[in-house]
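Chemist: This is the structure I have questions about; it appears just below.
All of the numbers you see were taken from the coordinates with simple rules; none came from a lab. Predicted, not measured: the structure shown is a model, and the values here were computed from it. Cβ: placed from backbone, ideal geometry, glycine included. Neighbour counts: every protein chain shown.
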Amino acid sequence: MRLLLAPMEGLLDDVLRAVLSRIGGYDCAVSEFARVSGSVLPHRCFRRIVPELDHGSRAVGGMPVRVQLLGSDPAAMAENAAQLAMLAPAAVDLNFGCPAPTVNRHRGGAILLDEPELLHRIAHAVRSALPGDMLLTAKMRLGVADKGRALECAQALAGGGASEIVVHARTKLEGYRPPAHWEWVGRIADVVSVPVVANGEVWTVEDWQRCRAVSGAADVMLGRGAVTDPFLARRIRDGQGDDEAVRAAEWSRLEPLIAEFRDRVVAKVAAHHAPGRIKQWLNMLRRRYVEAEALYQSIRPLKTLTEIDRVLLALRILPEPVRLAA
């Protein structure tokens, strides 16, 4: 069985991938999407989204990173895939899963699931543009408003050359509302000859077990569950139980990684944007850790990085000496 780390626009970028890769447990990750329109993106655009391309397409902890493309024009997607291939990504992934209205209005992501023939043309064009030994994968939902064409879409992608399909087991209109319809992953796997990966609503080891049982899929992609519970993949791998002692031990290991996350955020974004990124992850971590709840409430009203750093220093999450931001 494999565990894949999902793309999450605006959240699971190279900064958080680095932290989760250090913890380990993942076979690979998929990046946020590079938006393809009418022009060929320069190499710097791909590198900005996926700086791991400069390090063998691997995150800090060694996790391979696939690069995702999003668009609706087969020719433009093929041209950009050929450009991307020069940077030797671990694989190229096609996004037919994003439900964001802004993306969908511009004919990207899940909105294309009403057009399986277009999915086939995109997959075929991109596959033809890539070196023969470079893996092409795709991520899809179960449809736009209903699931009536889910099997047809999966067949279109596999027939077009996708060697693996990740299925987020909800429609576009269902967004991220539970439940995820894992049984549809199995139905899709029955009609295509390529590996199918289950995705959606896996927050715990028990969810992972049920997802595999219901879907019949050996492989699972983790998204929000991985962000709120950074050790989830590790516990799945190790067959480890879960209780308060486990959570306390995890938090001790997580504290220096929160400091690393803070440092990577500061290196990547302007100082006035850093507090938002730090709060964003801590807000999600409090679903699992009582310590994260307390820390989040402490920094929630703070506006500047200097104020947040003082709290992190007082709790010994940041090592001393640290130079406080201006």
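Chemist: With unit charges on the beta carbon (Lys/Arg positive, Asp/Glu negative), name the residue among 204, 12, 241 whose Cα is farthest towards the positive pole of the charge dipole of the chain.
Modeler: Looking along the dipole axis, the top candidate is 12.
Chemist: What is the Rg over Rh value, at two decimals, for segment 3-238, using alpha-carbon atoms and the Kirkwood definition of Rh?
Modeler: Ratio of gyration radius to Kirkwood radius for segment 3-238: 0.93.
Chemist: Counting other C-beta atoms within 10 Å, which of 128, 215 has the fewest, and how do the rest follow?
Modeler: Ascending Cβ contact count within 10 Å gives the list 128, 215.
Chemist: Per residue, what volume in Å³ does the Cα convex hull of segment 1-67 take up?
Modeler: Numbers: hull volume 5.7 nm³, N = 67.
Value for segment 1-67: 85 Å³ per residue.
Chemist: Can I ask one more? Given Cα pairs under 8 Å that are at least 6 residues apart, what percent is the relative contact order of the chain?
Modeler: Relative contact order here is 13 percent.
Chemist: Quick one: net charge around residue 10, please, counting Lys, Arg +1 and Asp, Glu -1 for every other residue with C-beta under 11 Å from its C-beta.
Modeler: Neighbourhood net charge equals -2.
Chemist: Which one, 296, 251, 280, is farthest towards the positive end of the dipole of segment 244-314 when Lys and Arg carry +1 and Asp and Glu -1 on their Cβ?
Modeler: Checking the options against the dipole of segment 244-314, the answer is 280.
Chemist: Using only the alpha-carbon atoms, how far is helix 14-23 inclined from the longest principal axis of the chain? Give it as 0 to 90 degrees, nearest 10.
Modeler: Tilt relative to the chain: about 80 degrees.
Chemist: Let me ask something additional. If you rank 106, 272 by fewest surrounding Cβ atoms within 10 Å, what's the result?
Modeler: Final ranking by Cβ density, sparse to dense: 272, 106.
Chemist: A follow-up question, please. Given the C-alpha centroids of segment 64-120 and segment 154-226, what is the distance between them in whole angstrom?
Modeler: That distance is 18 Å.
Chemist: Can you give the log10 of the normalised intensity I(q)/I(0) at q = 0.19, 0.28, 0.29 Å⁻¹, computed with Debye over equal Cα scatterers of segment 244-314?
Modeler: For segment 244-314 at q = 0.19, 0.28, 0.29 Å⁻¹, log10 I(q)/I(0) is -0.73, -1.43, -1.50.
Chemist: OK, next. Which net charge results for the neighbourhood of residue 81, defined as the other residues with beta-carbon distances under 13 angstrom from its beta-carbon, given Lys and Arg at +1 and Asp and Glu at -1?
Modeler: -1
Chemist: Between their Cα atoms, which of 139/279; 172/268; 268/303 are more than 20 Å away from each other?
Modeler: Flagged as over cut-off: 139/279; 172/268.
Chemist: Which percent, to the nearest 5, of DSSP beta bridges fully inside segment 3-238 are antiparallel? Can you show the working numbers first?
Modeler: Values: 2 of 30 bridges.
Beta bridges within segment 3-238, antiparallel portion: roughly 5 percent.
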